Ligand SMILES: Nc1ncnc2c1ncn2[C@@H]1O[C@H](COP(=O)(O)OP(=O)(O)OP(=O)(O)O)[C@@H](O)[C@H]1O
Ligand SMILES: [Mg+2]
C-alpha cells in the first residue's frame with residue numbers, strides 16, 4: 001500500500017477546503033480506507049474541527065517540516081481509521097523559510113515514511129498561493145478544488161489552474177486535477193444552479209457530479225470537534241460527503257444526487 005496524497009486547494013478563503021478535508025477524510029475512513037489528514041494551514045481549522053487543540057512547535061506539521069518523524073506526530077481521532085497531523089500558528093514561519101530556501105519536495109519526503117500505512121493522505125492548505133500551498137501541490141498526486149456556488153466563484157480560478165500547470169510542468173509532473181467540487185449550494189436559488197452550470201461548462205468532465213449543499217450541520221460540526229457524519233449522520237451535509245467519497249472512489253452513489261446536480265448536467 002502506498003498512500004495517494006490529495007491536496008485541497010483554493011487560494012480564496014472560506015470556500016470549503018477545511019470542511020471538505022475533514023469530511024471527505026472521515027467519509028473515506030468510514031468506507032474502511034486508512035486516512036491521514038495533514039493540517040497544512042497555520043489557521044489549524046482541520047485540527048480544531050477534529051477536536052484537538054492547536055499543537056505547539058514540537059507536535060504538528062511545522063515539526064514535521066523541521067524533521068520530526070511523521071509517525072510520532074499522528075493523532076488518532078474519534079473515527080477509527082482516521083488520523084491527523086495537527087497544525088498551529090508556528091506553521092506560518094514556513095512561508096518565509098520555504099521562500100528563502102525553496103525545498104518544494106520536502107513535504108512529500110517528510111510523509112514518505114508513513115505512506116505505506118495509509119490509503120490516502122489528505123492535505124488541507126491555506127487560502128493563499130504562497131509557498132505552503134506550492135509545497136503541498138508539489139507533494140501531491142492529486143488536487144481537489146472546492147468552489148462555492150456563488151457569484152464570482154470562478155474569479156481567481158484561472159490563476160489557480162495556471163499554478164497547477166506550472167507545478168505539473170516543473171517540480172511535480174505526477175500532479176492530477178482530481179476535480180472541482182461545488183460547495184455551499186443553495187438548493188432553492190437560481191443563482192446556485194446558474195453558477196453550477198457555468199462551472200460545468202467551463203470545465204467539462206472536471207466537476208464532481210456530487211454537489212455539497214449549504215447545510216447548517218456542516219457549519220456546526222467543527223464546534224463539536226467532529227466530522228459531520230459523527231455529529232448528524234442523517235444530515236444532508238453528511239450524506240453529501242459520503243456520496244462524494246463514493247463518487248471519488250468510483251463506487252455507486254447510495255442516494256441520487258440532488259436536483260441541483262441533474263439540472264446542471
Ligand atoms: N456546505 C456548507 N454549508 C454550510 N456551511 C459551510 C459549508 N461548507 C463550509 N461551511 C462553513 O463556511 C466556513 C468556511 O468553510 P471552510 O473553513 O471549510 O473554508 P476554507 O476554504 O477552509 O476556509 P479558509 O480559506 O479560511 O481555510 C466555515 O465556517 C464552515 O463551517
Ligand atoms: Mg480552511
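The numbers here are math on the coordinates, done by the rules we state, and not lab data. Small disclaimer: the values here were computed from a predicted structure and weren't measured. Glycine also receives a Cβ, built like all others from the backbone with ideal geometry; neighbour counts cover every protein chain displayed.
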_What is the ratio of the Cα radius of gyration of region 85-202 to 2.2 N^0.38 Å, with N the residue count, to two decimals?_
1.21
*For region 138-211, list log₁₀ I(q)/I(0) at each q in 0.16 Å⁻¹, using the Debye formula over Cα point scatterers of equal strength and ignoring solvent, two decimals each.*
-0.58
*What residue among 94, 242, 175 has the largest mean-square fluctuation in a Gaussian network model of the chain, using Cα springs under 10 Å?*
94
*Send over the per residue convex hull volume for region 1-40, Cα only, as a whole number of Å³.*
67
*Provide the convex hull volume over Cα atoms per residue for region 1-120, in Å³.*
98
_Using Cα-Cα distances under 8 Å and only pairs 6 or more residues apart, what relative contact order does region 4-264 have, in percent?_
24
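For region 27-94, what is one quarter of the convex hull surface built on the Cα atoms, given in nm²?
4.2
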*In a GNM of the chain with a 10 Å cut-off on Cα contacts, which of 16, 130, 209 has the highest mean-square fluctuation?*
130
*Highest-MSF residue in the chain out of 118, 203, 52 [GNM, Cα springs under 10 Å]*: 203
*Would you calculate a helix-derived [θ] at 222 nm for the chain, using -39,500 (n - 2.57) for each DSSP H run of n ≥ 4 and dividing by the full residue count, to the nearest 500?*
-11000 deg cm²/dmol
_region 10-37 versus region 45-124: alpha-carbon centroid distance in Å_ = 15
*Report the convex hull volume per residue for region 127-166, counting only C-alpha atoms, in Å³.*
72
*Per-residue Cβ neighbour rank within 10 angstrom, fewest leading, 62, 40*: 62, 40
*Which FRET efficiency value, to the nearest 0.05, is calculated for residue 109 and residue 188 with the Förster distance at 41 angstrom and r the Cβ-Cβ distance?*
0.30
*asked:* Report D for the chain in µm² per second (integer): Stokes-Einstein, Kirkwood Rh on Cα pairs, 25 °C, 0.890 mPa s.
replied: 134
*Equivalent-ellipsoid semi-axes of region 93-137, from the Cα gyration tensor, Å, largest first*: 21, 13, 7
